[in-house]
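The values are calculated or read from the model by the stated rules, or taken from the named source; none is laboratory data. All values derive from a computational prediction rather than experimental measurement. FYI the Cβ positions are ideal-geometry reconstructions off the backbone, even for glycines, and counts take in every protein chain you see.
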Amino acid sequence: MKKFRNTVRPALASTLLLLFLIAVCMLLSFIIVLPLWKWASSSPSTYTYAVLLLASALLVFKAVTFIRKKGFTVFLRRTLKTLSVLLAVILPLFMLSKGSRLWALILFLVSVLLYAGVCVVFKKIQQD
């Protein structure tokens with residue numbers, strides 16, 4: 001009986017701890033999410049502007065810290081590469097959804113050429 005109690009007690013303690021943590025997470029999420037939901041449903045335009053402002057501030061903060069760490073040319077190279085890849089994916093898909101396969105192909109090829117151009121230009125900059 002003692003061996004059984006010694007094996008069940010840690011399992012029961014772990015289960016109770018898990019249930020307690022789940023309850024705390026649910027309570028905190030309710031406390032945080034409910035006011036945001038009320039705000040978003042009562043005034044969607046101000047909520048949207050506030051979220052966009054916070055997201056933009058975070059993006060600027062991340063960009064500034066990256067520039068301080070790695071330098072502006074590395075930041076510019078990565079940003080242009082990322083934008084050209086996103087353009088190579090998003091614009092052709094948009095054009096395909098509109099039924100224009102030729103424009104989708106043209107935009108994809110332009111994006112690939114843009115990516116290659118960014119690579120070549122920054123490779124020349126690194127060599128100088």
Give me a count of the residues in the range 96-110 that are surrounded by 14 or more Cβ atoms within 10 Å (Cβ to Cβ) and of a type in the set (A, V, I, L, M). 5
Of the residues Leu80, Leu91, Leu113, which is exposed (fewer than 14 other Cβ atoms within 10 Å of the Cβ), of a type in the set (A, V, I, L, M, F, W, C) and in a helix (DSSP H, G or I)? Leu113
Matching option when the condition is surrounded by 11 or more Cβ atoms within 10 Å (Cβ to Cβ) and modelled with pLDDT under 95, among Thr15, Thr48, Thr7, Thr73: Thr73
